[in-house]
Each structure stands twice: as C-alpha cells, then as structure tokens.
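Reviewing the structure listed below.
Derivation of every value follows stated rules applied to the coordinates shown; laboratory data play no part. Since we're looking at a predicted model, the values are computed, not measured. A quick note on method: Cβ atoms are made from the backbone with ideal geometry, for glycine too, and the neighbour counts reach across all protein chains shown.
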Amino acid sequence: MVSDMWSDRRQPEKVYTVTEITREIKRTLEQGFPSVWVEGEISNYLLHSSGHRYFTMKDESSQIRCTLWRFRGPQLRFEPENGMKVMAWGDVTVYEKNGQYQLDVSELVPAGMGRLEMAFRQLKERLFQEGLFDEEHKKPIPRFPETIGIVTSPTGAAIRDMVRIVHDRFPAVEILVRPTRVQGDGAAEDVAQAIRDLNEYQGIDVMIVGRGGGSLEDLWAFNEEVVARAIYHSQIPVISAVGHEIDFTISDFVADLRAPTPSAAAQMVVEDREDLLEQVRLGMGKLASTLSAITNVSRQRLIAIKESYGFRRPLDIITQRSQKVDEVSRLLMVGSENLLREKRDRLSLFGEKLKALSPSAILKRGYCVARKLPEMMVLTDAQAVKTEDQIELRLYKGRIKSRVELIHPD
Amino acid sequence: MSPRKTGSQKKEKSFEEALDRLEQIVLELEEGELSLEDALGKFEEGIKLSEFCMQKLTQAEGKVKKLIKTAKGEFKTEDFETSEEQ
C-alpha cells in the first residue's frame with residue numbers, strides 16, 4: 001500500500017523542466033496576487049549604475065526582495081535609505097534566472113510619515129545643503145515698487161484679495177498677473193515658467209508667488225524643486241505666499257521673503273498710503289516749525305550783532321560826525337548873534353534920533369494937546385468946540401479936564 | 001527692453017528718494033546748524049518734495065493687467081478683471 005502510494009505519486013505523468021516549473025510558479029504567483037501594498041523596513045539598498053534600485057524589505061521574521069526600475073525613479077518623491085520604514089505598492093513577480101520571487105515596486109512611500117511630508121523634508125534638506133536658502137542670496141524687497149508681478153491662479157479669492165489690498169494701500173501701483181495653474185499635473189512647471197516669464201518681461205519690481213489655502217497635496221506645486229530653482233534664479237525679488245499661516249513650503253524657504261498668506265503678502269509689498277501721507281504731512285509740519293525756529297535764531301543773532309561793538313563802531317563814526325555838525329552849527333549861531341547885535345546897536349542909534357521927535361519931548365517944552373471929550377478928538381481949531389463942551393488937556397506930566405467958557409476964533 | 005526697466009526703476013526710486021530726502025531735510029533743519037539762507041533753500045526743497053510725495057500718493061489707481069506669452073514667445077498684456085474671471 002505504502003509502495004503503491006509512492007508509486008502513484010512518482011508516476012511520471014508530467015515532468016517539468018526547471019524553466020517550465022519556474023514559469024508555472026511565476027504565472028500562479030503573478031495571477032494570484034494583484035497589485036498590493038507591502039509595509040516593511042528597507043535594507044540592502046542599492047542604487048545601481050544602471051539606474052535601477054534593488055533592496056530588501058523586511059520585518060521581524062521575513063524579508064522580500066524588491067526592485068524599482070529606473071523609469072520609475074523620477075516619480076520617487078524621496079530617496080530611499082536603509083532602515084527606512086516604507087510602504088511599497090507593487091506586483092509580486094518571479095525572477096526566473098534565480099527562481100526568486102520579488103516585489104516589482106511601482107510606488108514607494110515612507111510609512112508612518114506622509115509620503116509628501118517625507119519628500120518635503122528631504123528636498124528641503126537637500127536644497128538647504130546646496131545653499132538655496134542662504135540669507136546672502138536673498139534680495140531686498142523694494143520699499144516702493146511701481147509694478148508688482150503676481151504668479152497665481154487667475155481665479156479664486158487669493159488674486160482678488162491681493163489686488164484689492166494692494167490698491168487699497170497704495171493705489172498708484174500697477175499689477176501684472178501671470179496666470180498659472182497652482183495644483184495638479186504640470187502646475188509646478190507652470191509656476192516655474194511664470195517666474196521666468198516675469199523675469200524675461202522685465203519692468204517688474206517685485207513678485208508675489210503663491211496661492212490660497214488647501215491640502216498638502218493642493219499646495220504641492222510650491223514644494224517642487226523646479227519652482228524652488230525658478231525662485232532662486234529670479235532676478236526680481238520674490239515674496240512667497242502659499243496657503244495659510246501654518247503652511248510652510250519649499251518656496252517659502254527659497255523666496256526672498258515669506259508671507260504667511262497671499263493677503264499678508266499684499267500688505268507687506270506696499271506701504272499703507274495713509275501712513276505715508278501722515279508721514280509726509282508730519283514732515284511738512286516739521287519743516288514749517290523748524291524754519292520758524294531757525295528764523296527766530298537768526299533774528300536773535302541779528303539783534304546780538306546790532307548791539308555788538310563791531311557793529312557799533314560805524315555808528316560811533318556817525319555820532320562823532322554829528323557832534324561836529326553840532327559844533328559847526330553852534331559857531332554859526334554865535335556868528336549870527338554878533339551880526340544881530342551889531343544891527344541892534346545901529347537900531348538903538350536911530351531910536352535916539354526918533355525919541356527927539358516924540359510928542360512927549362514937545363510937551364516937555366510946555367506944549368499941550370487938547371482933545372474934545374468924550375470922543376477924544378485932538379483939537380486944532382477953536383471952532384470945533386462949543387461953550388460948555390468938556391475937553392482934556394494932555395501936558396508933559398498929567399492931564400487936566402476942563403470946560404469951554406469962551407471961544408475966540410482967530 | 002532695458003529703457004523700460006530703468007525708466008520704471010528711476011520713477012520708483014524718485015518717490016523713495018523724495019521721501020528719504022524729505023526726512024533728511026527735516027533732520028538737517030532740526031539740527032539747526034544751517035545758515036538762514038541754506039535753511040530757506042532746504043525749506044523750499046522740502047515743500048516741493050512733500051508736494052511731490054502727496055501727488056504720488058493721491059495718484060489714480062494703477063492698472064491690473066495679465067501677462068500672456070504668444071505662440072511666438074512674445075509677451076503681450078491684457079486688462080485683467082478679477083471679477084470677470086470669477
């Protein structure tokens with residue numbers, strides 16, 4: 001019985017060649033396992049010069065050989081390392097040459113950490129090492145840009161808010177929007193090209209590169225190396241404004257200035273006109289007050305100068321001259337007085353002569369003047385009076401009042 | 001190409017320079033070490049600068065354009081309306 005069983009089993013109904021059985025196993029395995037996720041730790045990692053990657057994924061008790069072909073390399077968001085816990089998406093295959101089954105990995109993501117997050121960290125580290133974030137490379141943001149370039153989606157709140165805020169704050173600024181896709185396939189390349197376009201176009205003083213908030217995946221374009229390099233090589237200062245305040249992207253690190261949000265970027269890029277107007281008004285006020293202070297100082301100095309010895313000297317000369325004028329005029333006065341006295345003396349001589357002719361001198365010789373009262377008419381004719389008329393006689397000394405008694409007309 | 005750039009930069013600078021110069025003039029006047037004649041000159045310059053800045057600040061709203069690259073690789077600009085694009 002036993003030998004029968006053995007003999008049954010050993011019946012050479014079908015004899016496989018090695019190749020045949022390997023192929024059969026391969027077919028069975030490959031059909032039996034659709035694409036699967038496998039989680040484990042990387043070891044024996046090898047990036048071959050051919051560009052293919054070979055490694056083993058293992059856990060506490062088992063391991064499986066893995067391959068990642070060169071053509072999949074560019075899709076890798078990070079460079080695998082030994083000891084890294086990863087999740088691999090792939091197909092179980094058999095390598096016929098050595099009869100080994102293995103996992104043909106088409107996607108590899110860090111386990112435990114988000115795939116994107118891992119890629120972000122690695123790119124950030126690499127670009128940091130390369131010097132793309134160096135402070136010395138950062139360009140100053142102009143204080144008063146005349147034309148602002150914006151690289152973002154032409155639709156959505158971000159662009160609308162930015163335009164509104166910029167013009168609210170500083171209306172005279174011109175804005176040039178270079179519309180781009182900001183998420184999905186080709187977004188990163190589009191953003192990078194937009195940055196290069198604005199540089200090529202020229203006349204832009206500063207640019208804002210960004211988009212509104214979204215998931216890490218939505219913001220991913222701004223974590224792409226191509227965008228980082230475009231920002232790095234931009235001759236125009238770049239303000240990165242991606243997502244919300246908590247979102248940090250590679251663009252933020254490379255850019256000359258990071259704004260927490262697009263709206264914040266709009267506020268940072270131009271100063272507020274009201275503040276500036278206030279500043280100018282203040283300047284004008286200070287101009288006026290300092291000028292009046294200065295003229296006051298000058299006025300004080302002028303007064304001081306006026307009273308200084310140096311300034312008084314010419315005045316001294318003037319007073320001395322005027323003193324001389326006084327002297328001369330005094331001499332003149334004396335001279336004229338002498339002249340006057342001479343005249344007066346001559347005048348008094350004539351006076352003596354005139355005195356001799358005065359009526360009182362005649363009266364002194366015994367004559368008298370008769371005047372009729374009350375009209376005091378001097379009488380030279382006796383017939384001018386009647387008897388009983390009153391007359392006054394003026395003698396050399398004194399007067400006589402008398403009455404006419406008799407008239408003798410000659 | 002370059003004339004536009006230098007032109008715009010020159011204009012852009014002139015506002016900044018005007019404001020800087022204004023500040024400097026105010027400082028110089030405040031230090032009070034200028035001759036009266038110089039002070040008057042500076043004052044006049046300061047007033048002109050203030051007026052220039054005021055004028056710049058109260059200027060009409062700048063344009064919003066979008067940059068388009070033609071198939072030939074040439075640039076052209078068109079008016080950009082945020083509301084229309086909504």
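Among A:ILE195, A:ILE407, a tally of other beta-carbon atoms within 10 Å of each Cβ gives an order, fewest to most, of A:ILE407, A:ILE195.
Taking a sphere under 14 Å around the Cβ of A:GLN323 and counting the other residues whose Cβ falls inside, with K and R at +1 and D and E at -1, yields a net charge of 0. The residues neighbouring A:THR380, those whose beta-carbon lies less than 13 Å from its own, together hold a net charge of 0 under the Lys/Arg +1, Asp/Glu -1 convention. Placing unit charges on the Cβ atoms of the charged side chains and taking the dipole of chain A about its Cα centre, the candidate lying farthest along the positive direction among A:TRP69, A:LEU291, A:ILE195 is A:LEU291. Here, P(r) means the percent of Cα pairs in each 10 Å bin from 0 to the largest distance; for the protein assembly as shown it is 3, 12, 13, 11, 9, 8, 6, 5, 4, 4, 4, 3, 3, 4, 3, 2, 2, 2, 1, 1, 0, 0, 0, 0. For the residues of A:293-305, the average number of beta carbons from a partner chain within 10 Å of their own beta carbon is 2.
Exposure proxy ranking for A:HIS408, A:HIS233, based on other Cβ atoms within 10 angstrom of each Cβ and starting from the fewest, stands as A:HIS408, A:HIS233.
Over 25 Å apart at the Cα level, from the set A:LYS26/A:LYS58; B:LYS42/B:LYS63; A:LYS139/B:LYS48; A:LYS85/A:LYS138; A:LYS26/A:LYS85, are B:LYS42/B:LYS63; A:LYS139/B:LYS48; A:LYS85/A:LYS138; A:LYS26/A:LYS85. Note that the stretch A:218-224 has calculated 3J(HN,Hα) couplings of 4, 8, 4, 3, 7, 10, 8 Hz, one per residue in order, obtained from phi through the Karplus relation 6.51 cos²θ - 1.76 cosθ + 1.60 (θ = phi - 60°); glycine and proline are x.
Just A:ARG72, A:ARG258, A:ARG196 to compare: in a GNM of chain A, with alpha carbon springs under 10 Å, which one fluctuates most? Among A:ARG72, A:ARG258, A:ARG196, the largest mean-square fluctuation in the Gaussian network model of chain A belongs to A:ARG72.
When you restrict to C-alpha pairs under 8 Å that are six or more residues apart and normalise by the size of chain A, the relative contact order lands at 9 percent. With θ taken as phi - 60° and the Karplus curve 6.51 cos²θ - 1.76 cosθ + 1.60 applied, the whole-hertz 3J(HN,Hα) list for the stretch A:196-208 is 5, 4, 5, 5, 5, 5, 6, x, 9, 8, 7, 10, 10 Hz, x standing for glycine and proline. Scanning residues 5 or more positions from A:GLU107 or on other chains, those with amide H under 5 Å from its amide H are A:TRP89, with H placed 1.01 Å from N in the peptide plane.
Taking the DSSP bridge list for the protein assembly as shown and keeping only pairs wholly inside it, about 65 percent are antiparallel.
Placing unit charges on the Cβ atoms only, positive for Lys and Arg and negative for Asp and Glu, gives the stretch A:58-97 a dipole magnitude near 160 debye about its Cα centre. Bridges between two residues of the stretch A:2-112, per DSSP, are antiparallel at a rate of about 90%.
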